[in-house]
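> What follows is a single structure, and I will ask about it in a moment.
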Amino acid sequence: MSRFALWMYSPIRGSFLSICCFCFVAVSSDVRCEEKLDRALIARTVGDGKVYLGWRMLKNDPADVAFGVFRRSGDGNAVKLNHQPISRTTDFLDKLAAKDVEHTYFVRAVAGGKTGPESREARAVASASKSAPYVSIKLDGDYDFQKVGIADLDGDRRYDYVIKQPHKNIDPWYKYWRRSPGTYKLEAYDHDGRFLWRYDLGWSIEQGIWYSPYVVYDLDGDGKAEVAVKTGEGDPRDKDGKVQSDPEFLSILDGTTGKPVTRVDWPSRDNFAMKNGYNYASRNQISVAYLDGKHPALIVERGTYSIIEVVAYSLKDGKLHEIWRWDNRKQPKKYWGQGAHWMHAADVDADGRDEVVIGSAVVDDDGTSLWSTGLGHPDHSYVGDIDPSRPGLEIYYGIEPRNKANTMCLVDARTGEIIWGHDEPTRHIHSSGLCSDIDASRPGWECYSGERDFKDKRWLRDCKGNIISTEDLGGLAPRAVYWDADPQRELLVGGRVFDYGKKDTQQRINGKMVAVADILGDWREEIIVSSPGEMRIYTTTIPASDHRVCLMQDPIYRMDVVVAAMGYYQVPMLSYDPASEAMSKGK
């Protein structure tokens with residue numbers, strides 16, 4: 001990733017400004033076009049008159065960056081709270097704030113003896129009691145939501161939210177399918193919780209995850225995110241309530257208004273005229289990948305279990321332009337039925353361009369086949385620096401179909417070569433599993449999977465494939481979150497945040513967990529939950545022990561957060577191992 005920072009003198013503030021130099025002209029840039037972010041300063045009352053502050057470190061910050069913290073009480077003048085610039089962390093505990101007074105806080109970066117501009121302000125009232133452990137965004141009705149897309153819709157460098165409601169999921173498989181009781185709506189809310197718009201997907205989109213994929217991202221480089229979504233027209237339901245005819249589209253909605261911008265045909269369902277054709281044809285996905293290493297491209301897919309068709313598009317001048325089209329019917333048989341419930345974008349071969357991990361197979365950045373394990377459909381797949389002792393990236397798979405071996409395996413992301421695998425037959429490795437560094441006593445990331453039909457068959461392995469435990473970590477889809485001060489994630493199970501192997505609860509979560517992402521404060525993650533009529537964003541106030549660049553600026557992590565708006569949920573991965581990074585810095 002090519003990046004740099006300029007420090008310019010401001011005659012207005014009489015100080016030096018840090019200018020983020022990112023590309024926003026998609027047709028001519030030689031650097032990766034990415035979103036701009038602000039400091040995301042948060043101020044949370046933690047009781048006893050104390051206020052916790054957290055803010056972002058950005059990857060264009062100079063290596064020697066440090067920060068000053070300022071407080072303005074009531075209508076008074078701003079006072080600097082730290083005697084020495086803060087360089088070890090990007091958080092601060094204000095212990096001396098006057099109680100029952102509203103305080104306004106901001107931070108300023110310092111590097112090379114030069115001071116940057118004031119951050120956007122955050123406010124809190126110091127009091128004897130704690131504030132709620134979450135930020136609340138009231139929805140425009142008393143409903144819950146299924147998914148959330150996170151991106152800057154209005155160009156103010158703060159994250160906004162596009163939810164899909166209500167929380168209903170009808171699977172296309174004949175044993176699970178039922179008639180949709182209503183229609184999905186996409187709704188946008190800005191950073192401060194203001195309702196922006198609603199878009200009804202209508203009766204042409206059934207109420208299930210696989211009928212209704214969408215992503216939110218700045219696709220044309222203008223600094224404002226668009227919404228890409230599968231749409232249809234009218235009410236094409238047959239007498240049973242299934243949608244099996246009429247056109248389907250990839251549509252682009254304006255992120256600030258929700259109004260349609262352009263559309264193209266979605267890959268046709270006509271190719272799926274076979275046994276189980278409705279089930280197979282109803283599996284649809286969308287993702288974003290930097291196929292040329294510089295500009296975001298949309299990736300749309302139809303099919304998972306048999307035929308798979310993938311099409312890549314760029315958005316330019318308000319129009320979608322096809323880049324390439326990949327069809328597994330034109331590939332060797334080992335590319336059939338290799339799709340997953342999630343697509344990853346990652347530069348698996350270190351050539352500076354993203355590949356598309358569709359499951360047990362990978363499509364190269366130019367739309368040609370790169371490799372396939374041939375193991376079949378994975379219920380979960382995780383891409384990242386899982387084993388930091390090896391060069392490059394790895395992929396952890398939990399394979400659903402019965403196999404004699406390797407239904408849980410780690411493969412080299414560059415070649416698809418199996419590094420290690422489960423050496424016994426399995427029946428149905430199920431759900432999203434988990435891949436996260438949760439055990440500080442072992443290097444790398446741990447990998448967890450289990451059998452759907454056997455509650456006593458669970459496996460937690462280290463990055464070398466050694467079985468650590470066969471205990472149940474909380475079902476087949478436990479979550480994890482960076483929450484406390486160490487570089488390991490904590491488990492998020494049953495509404496509790498806690499360290500692996502320990503019973504102490506660090507945080508209670510109320511509501512249905514929808515997403516985990518680093519969207520506020522420092523590098524630790526937030527937990528987004530759905531509660532009737534409300535989106536809650538839980539954020540940690542545990543003092544940090546080190547600093548780290550905002551996780552959303554890691555390419556794998558950011559694209560994983562993008563695709564979390566569609567498909568079955570998995571926690572986002574990283575292109576590096578935070579524990580190894582901390583160890584190398586002596587932290």
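The values are calculated or read from the model by the stated rules, or taken from the named source; none is laboratory data. Computed from a prediction, not measured in an experiment: that's the story for all the values here. With ideal geometry, Cβ positions are generated from the backbone for all residues, glycine too; neighbour counts draw on all protein chains shown. Note: accessible area is taken over every heavy atom of the protein model, side chains too, but ligands, DNA and RNA are not part of it. Shrake-Rupley method; radii C 1.70, N 1.55, O 1.52, S 1.80 Å.
> Would you please name the residue that is most open to solvent (accessible area, probe 1.4 Å), looking only at residues in region 466-498 that are without any contact (Cβ under 8 Å) to a residue 40 or more places away in the chain and among the charged types (D, E, K, R)?
471
> Another question about this same structure. For residue 100, all conditions in the list (1) under 28 Å from residue 160 (Cβ atoms); (2) open to solvent by 20 Å² or more (accessible area, probe 1.4 Å) hold save one; what is the number of the exception?
Exception for residue 100: condition (1).
> Moving on to the next point. If we keep just the residues of region 177-213 that are charged (D, E, K, R) and over 17 Å from residue 139 (Cα atoms), which is least open to solvent (accessible area, probe 1.4 Å)?
Ranking the candidates gives 206 first.
> If you check residue 530 against the conditions, is it open to solvent by 20 Å² or more (accessible area, probe 1.4 Å) and either farther than 24 Å from residue 283 by Cα or in contact with a strand residue (DSSP E or B) (Cβ under 7 Å, 6 or more places away or on another chain) (or both)?
Considered against the rule, which asks whether it is open to solvent by 20 Å² or more (accessible area, probe 1.4 Å) and either farther than 24 Å from residue 283 by Cα or in contact with a strand residue (DSSP E or B) (Cβ under 7 Å, 6 or more places away or on another chain) (or both), residue 530 comes out as no.
> Name every residue in region 248-275 that is free of Cβ contacts under 8 Å to residues at least 60 places away in the same chain and in contact with a Pro (Cβ under 9 Å, 6 or more places away or on another chain), in order of residue number.
Once the filter is applied, which keeps residues that are free of Cβ contacts under 8 Å to residues at least 60 places away in the same chain and in contact with a Pro (Cβ under 9 Å, 6 or more places away or on another chain), region 248-275 yields 248, 251, 254, 265, 266.
> I've got another one for you. Can we say residue 369 is modelled with pLDDT of 95 or more and either more than 22 Å from residue 448 (Cα to Cα) or buried (at least 24 other Cβ atoms within 10 Å of the Cβ) (or both)?
yes
> Which condition number does residue 253 fail, the rest of (1) part of a loop (DSSP other than H, G, I, E, B); (2) crowded, with 18+ Cβ neighbours inside 10 Å being met?
Unmet condition: (1).
> Does residue 458 satisfy being among the basic types (Lys, Arg) and either surrounded by fewer than 17 Cβ atoms within 10 Å (Cβ to Cβ) or in contact (Cβ under 8 Å) with a residue 40 or more places away in the chain (or both)?
No, not satisfied.
> Same structure, new question: Return yes when residue 395 is touching a Phe, Trp or Tyr at 6+ places or on another chain (Cβ under 9 Å), open to solvent by less than 10 Å² (accessible area, probe 1.4 Å) and within 17 Å of residue 361 (Cα to Cα) and no when it is not.
Yes; evaluated as a whole, the condition is true for this residue.
> While we're looking at this one, here's another question. Can you list the strands (runs of 3 or more DSSP E) lying wholly within region 291-407 that have 3 or more residues being without any contact (Cβ under 8 Å) to a residue 12 or more places away in the chain?
It comes to none.
> Still on this structure: Regarding residue 517, is this residue under 21 Å from residue 122 (Cβ atoms), open to solvent by less than 10 Å² (accessible area, probe 1.4 Å) and of a type in the set (Gly, Ala, Ser)?
When the stated conditions are applied, residue 517 passes them.
> Now for a different question. Among the candidates 309, 322, single out the residue that is surrounded by fewer than 21 Cβ atoms within 10 Å (Cβ to Cβ), out of contact with any Lys or Arg (no Cβ under 7 Å at 6 or more places or on another chain) and within 21 Å of residue 251 (Cα to Cα).
Just a single option satisfies the conditions, and that option is 322.
> Residues of region 346-364 being open to solvent by 20 Å² or more (accessible area, probe 1.4 Å) and over 13 Å from residue 393 (Cα atoms), which ones?
The answer is 352, 353, 364.
> Tell me which residues, restricted to region 503-537, are in contact with a Ser or Thr (Cβ under 6 Å, 6 or more places away or on another chain), more than 29 Å from residue 69 (Cβ to Cβ) and not in a strand (DSSP E or B).
Residue satisfying the conditions is 511 alone.
> A further question follows. Name every residue in region 564-587 that is hydrophobic (A, V, I, L, M, F, W, C), in contact (Cβ under 8 Å) with a residue 24 or more places away in the chain and either surrounded by fewer than 16 Cβ atoms within 10 Å (Cβ to Cβ) or assigned to a helix (DSSP H, G or I) (or both), in order of residue number.
579, 582
> Which residue is most open to solvent (accessible area, probe 1.4 Å), if the candidates are limited to region 31-68 and must be β-branched (Val, Ile, Thr) and assigned to a loop (DSSP other than H, G, I, E, B)?
Result: 31.
> I need the full set of residues from region 422-451 which are part of a loop (DSSP other than H, G, I, E, B), in contact (Cβ under 8 Å) with a residue 60 or more places away in the chain and polar (S, T, N, Q), in order please.
Once the filter is applied, which keeps residues that are part of a loop (DSSP other than H, G, I, E, B), in contact (Cβ under 8 Å) with a residue 60 or more places away in the chain and polar (S, T, N, Q), region 422-451 yields 431, 432.
> Continuing with the same structure: Working only within region 277-290, note down all residues that are in a loop (DSSP other than H, G, I, E, B), closer than 26 Å to residue 171 by Cα and either within 22 Å of the chain's Cα centre (by Cα) or without any contact (Cβ under 8 Å) to a residue 12 or more places away in the chain (or both).
283
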